[in-house]
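Asks: First the structure, then my questions, so here it is.
Throughout, read-outs are computed from the coordinates displayed, never taken from laboratory work. Computed from a predicted structure; not experimentally measured. Cβ sites come from the backbone with ideal geometry, for glycine too, and all protein chains shown count toward neighbours.
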Amino acid sequence: MPTIAKHPTTGVINVILGEGESLTEQFNSEKVVVYRRDSTTDWQLKMMKPLGLLASPEALKVNAKQRCGWNATANEGDPIHQHSDGSWWHFDELWSLENGPFETWDEAYNALAEYCAGLEMAQQTAQEIADEIGAAVTDDDIVKNLIKKLFPKGIPDETQADSDKQN
């Protein structure tokens, strides 16, 4: 599975592709930087697509035999599917990454159910944290606290202007 990280401030996404992995069209965006680290790069990190550009799908793929012939129409949208080697896999919630291999359909189903439960729990936890932060701190509080910390005696321009008014 590719390593994917999103910068919290800039929104830039870094993707590192490993052995036999390719990037889906969903991640071929101007805000995504793609690297490869596998046997084709002598295990060195090599940039495959810089920030601000789109890459052709062929430039991001490895010359490896296609293992998955999953077809959305034929599978009627079922995220669980079987590769030609007989292993079972399931897609993530974005339909961009495969999870597996599993020996049986039942194992793939149970892993998908566990994945969905974990995803739901993570989303609920993130929302609770966001609600807690949003309710406890306002933008005005952040600015006032920052000013107090940086200028414990008051902002220099305001202090001078206040003393000028008094004189």
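Asks: Given 0.36 nm per residue, what is the gain on full extension from K153 to D92 after removing their alpha carbon distance, in nm? Working shown, then result.
Replies: Numbers: separation 61, 0.36 × 61 = 21.96 nm, distance 5.35 nm.
Additional length available on full extension: 16.6 nm.
Asks: Return the loop-located chymotrypsin sites (Phe, Trp or Tyr not before Pro) in the stretch 85-132 (DSSP other than H, G, I, E, B) with at most 13 other Cβ atoms within 10 Å of their own Cβ; answer none if there are none.
Replies: Details: sites: W88, W89, F91, W95, F102, W105, Y109, Y115; in loops: W95.
Taking the stretch 85-132 and a limit of 13 other Cβ atoms within 10 Å, the loop chymotrypsin sites (Phe, Trp or Tyr not before Pro) found are W95.
Asks: Which distance in nm do the two modelled labels at Y115 and S22 give, with both placed 7 Å along the Cα-to-Cβ direction?
Replies: If labels sit at Y115 and S22, their model points lie 1.9 nm apart.
Asks: Indicate, rounded to the nearest 5 percent, the antiparallel portion of the DSSP beta bridges found entirely in the stretch 1-56. Please list the in-between numbers first.
Replies: Details: 7 of 12 bridges.
Of all bridge pairs located within the stretch 1-56, approximately 60 percent are antiparallel.
Asks: Please give the length that would be gained between R37 and K6 if that part of the chain were fully extended, namely 0.36 nm times their separation in residues minus their C-alpha to C-alpha distance (nm, one decimal).
Replies: On the way: separation 31, 0.36 × 31 = 11.16 nm, distance 1.84 nm.
Roughly 9.3 nm would be gained on extension.
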